[in-house]
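J.: The following block contains the structure, expressed as structure tokens.
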Amino acid sequence: MSVDTATVRHIAKLARLQMSDAETEALVPELNNILGWVEQLGEVDTDGVEPLTAVIDQQLRLRDDAVTDGGVRDAVLANAPDAQHGFFAVPKVIE
């Protein structure tokens, strides 16, 4: 695939970017170079390679799942501008 100035102008229009003719001309070889690298990646044999989420192998650090009541309801509600029956009170927003 090859990118020309008309394609760059179209992409800029879709992205709502205002570009001068000089900027448009400068982007044409850069975008073509990027697409060339992408085509090279398509030629790499990846059969039998597992997909990765990170380059290094990391194990998720887990903690014990302990259920607690928190014990800080009154301290949290002390910061609320209006609290009723142990909950935050907010104004009605339905019209």
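J.: Regarding region 39-52, can at least one residue be identified that is surrounded by 10 or more Cβ atoms within 10 Å (Cβ to Cβ) and either at pLDDT below 90 or small (Gly, Ala, Ser) (or both)?
T.: For region 39-52, residues surrounded by 10 or more Cβ atoms within 10 Å (Cβ to Cβ) and either at pLDDT below 90 or small (Gly, Ala, Ser) (or both): absent.
J.: Can you find, within region 42-60, the residue that is nearest to ASP4 (Cα to Cα) among those that are over 23 Å from the mean Cα position of the chain (by Cα) and not acidic (Asp, Glu)?
T.: Once the filter is applied, the top-ranked residue is GLY42.
J.: Sort through GLU50, GLU25 and tell me the only one that's over 30 Å from PHE88 (Cβ atoms) and part of a helix (DSSP H, G or I).
T.: GLU25 is the lone residue from the list that is over 30 Å from PHE88 (Cβ atoms) and part of a helix (DSSP H, G or I).
J.: Please verify whether region 62-71 includes one or more residues that are among the charged types (D, E, K, R) and surrounded by 10 or more Cβ atoms within 10 Å (Cβ to Cβ).
T.: no
J.: While we're here: Quickly run through region 7-27 and pick out the residues that are surrounded by 12 or more Cβ atoms within 10 Å (Cβ to Cβ) and under 22 Å from the mean Cα position of the chain (by Cα).
T.: Residues satisfying the conditions are ILE11, ALA12.
J.: Pairs needed: first member in region 79-95, among the aliphatic types (A, V, I, L, M); second member anywhere, in a loop (DSSP other than H, G, I, E, B) and at pLDDT 90 or above; C-beta distance under 7 Å; at least 6 residues apart or different chains.
T.: Close Cβ pairs satisfying both conditions: ALA83/ALA89; ALA89/ASP82.
The values are calculated or read from the model by the stated rules, or taken from the named source; none is laboratory data. Given the structure is predicted, the values throughout are model-derived calculations rather than measurements. Reconstructed Cβ throughout: ideal geometry from the backbone, glycine too, with neighbour counts over all protein chains shown.
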